[in-house]
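Chemist: My questions all concern the structure below.
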């Protein structure tokens, strides 16, 4: 507590310091005798929570609420008692944090629990719902919750293995993205690294070792580049500070995954450090940018001006990547000191030194995205739908596109032309029949890119959306806003029409899957009182066909496998995983031809990924460069079931290519193919595929039916018995 007082005395007046001291004394009395699982006195937890918020220079009201945030939950103190002692605002903050804590998917204290039930999954969605609604009212409640979670992650070792994994996964799924959306970079990377350390300890330790092994060389390089740049900026009479910033371990892990998909390795990642230039004034940012580009040539397509167009989380900076000394790319970030404070602490910086001041209107305007939450929480039908909305529209990155008049619209990354139409106006979305992107007609499932100009082609009469737009396998709609408005349209339609539409959708899907579930099974799986209720929900989009396929998948009788044909299928890739890394390009060495069960080791080649050898292979025993050897193991196995599909389509050039492209995109192996040309100009194609289950088959039907010229896709059954095939798969 002495540390906390010392910090806040540097920026708060004496009366507000005394207010925080009073809150501490009250909390210490309330928690007297309580200890945490880690063995430390319980009061240490709220103090650590307040210490982090003090580092952000938050106001006394927030600090007092942080110190008191567990007294209602763990000590029986009422909201009225807190209000009498500390005022309405502190009591409201503590009540808000308490409600969030009660609804956490997993609590951070208490006894071990069994695996989560469906009711607990619902509670997770309800928890996030309450948290984000609280954000829309006063963000300081969520700042306390984030600081609370940070200290809980630091003491996570006190929990059992299952609880550690559950809490870490929740942190990575919800709290770290939330910190990112609020622009709080500092707490974001702390939460990511702490969660990653528990979720994938081997990979975390391997990246730590990789960073340590080449740290001296990288630091020497960044020092040389910094010195060159500092001298050039000084000669340009710009007062600036040039430093190197290391990326956090989790971001390096994500970078390694992206590089592995391109066949690159860790040594080819050059932006483990970014150069940061801090200046005093905004115009000096652009002057410093000119110095950088005059010194080294910029790499095309790798420049972003977040000063002219700030991110929605208030972040501002100039980003550029140049070809630096020795041909090594260098990432450079340029911002003012004020922008840097905002990038580290995000919206928390809004409350620095602001207690008692008038409302900050520009800040309120910049955070308008939060106001959507109150509208959504009133309109959506359940907590799970709200969770879907938030994960798609609040957490992910954004894409910026233009209207034909040049207005900028911001959408979630991955949005389509239909998402754009609904973002502009609900009626425009309902009447959308096509789209032009940059002056060219594009398919409605085209994924919008930054800088695209979108023109929506609309029908002159009201026609309503297509229910197929809600099928996630089709890829027509990505944003929660568009999904919500489409569902609302169908919910307003007549019940009889929805029942008829639901009956047609169910019949088509069951024909695809060659299944015939009873009405009782469907009503039981979806907890419906009548079959009409189920069909109406399917017809208005509340239930989707892929949800039906997923729920029915575990219901398939084992005898169904007897109708499928067994065909030997080669294992995809090598079926080998690199320990601590995972998906890297691997292939089996022909010199020793290792088989599953052999003891194996990997050899890092210069341009062909990793070659897998038996440990006793002569080439490995005689290898001089031991540092190029890496631990590997055989991957896990997975049941793949053979299924035969028949496709009827109009014959044309490229038909077979388009069909196989869709199958490959779903990562499905084609074991056999038979084609037949018919006299009426059509073609029949029969494919034998190996799939993981009914849900994957449902997605495949949707994609194949979308191929130009395809009239019908159906599942074929044969009399010959079959059984699942064990196929090696990379973990």
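Only the coordinates and a few stated rules stand behind these numbers; no lab work does. On a predicted model such as this, the values are computed, not experimentally measured, just so you know. Cβ coordinates were reconstructed from backbone atoms using ideal geometry, including for glycine residues, and neighbour counts include every protein chain displayed.
Chemist: Using Cβ counts within 10 Å as a stand-in for footprinting exposure, how do 469, 185, 650 rank, fewest first? Don't skip to the end; give the middle numbers.
Modeler: Details: 469 22, 185 19, 650 14.
Ascending number of Cβ neighbours within 10 Å: 650, 185, 469.
Chemist: Here's something else I'd like to know. Please tell me the relative contact order of region 415-482 in percent, rounded to the nearest whole number, where contacts are Cα pairs under 8 Å and at least six residues apart.
Modeler: Averaging sequence separation for qualifying contacts and normalising by length gives 41 percent for region 415-482.
Chemist: What distance in nm lies between label points placed 7 Å from Cα along the C-beta direction at residue 650 and residue 5?
Modeler: Inter-label distance under the simple model: 8.4 nm.
Chemist: Still on this structure, please answer the following. Could you list 617, 432, 591, 75 in order of exposure, starting from the residue whose Cβ has the fewest other Cβ atoms within 10 Å?
Modeler: 591, 75, 617, 432
Chemist: Hey, how many Å between the Cα centroid of region 651-686 and the Cα centroid of region 284-302?
Modeler: Answer, in whole Å: 50.
Chemist: So what is the relative contact order for region 412-559, in percent, with contacts set as C-alpha pairs under 8 Å and at least six apart?
Modeler: Computed value for region 412-559: 22 percent relative contact order.
Chemist: Please work out whether region 643-688 counts as rounded, prolate or oblate from its C-alpha gyration tensor, where a ≥ b ≥ c are the square roots of the eigenvalues and a/c under 1.5 means rounded, while otherwise a/b larger than b/c means prolate and anything else oblate?
Modeler: Taking the square roots of the gyration eigenvalues as a ≥ b ≥ c, region 643-688 is oblate.
Chemist: What percent do you get for the relative contact order of region 495-555 when only Cα pairs under 8 Å and 6+ apart count?
Modeler: Relative CO of region 495-555 lands at 48 percent.
Chemist: Please work out the C-alpha center-to-center distance from region 1-48 to region 425-460 and express it in whole Å.
Modeler: 56
Chemist: Just report the Cα centroid separation between region 475-527 and region 167-201, whole Å.
Modeler: Comparing the Cα centres of region 475-527 and region 167-201, I get a distance of 36 Å.
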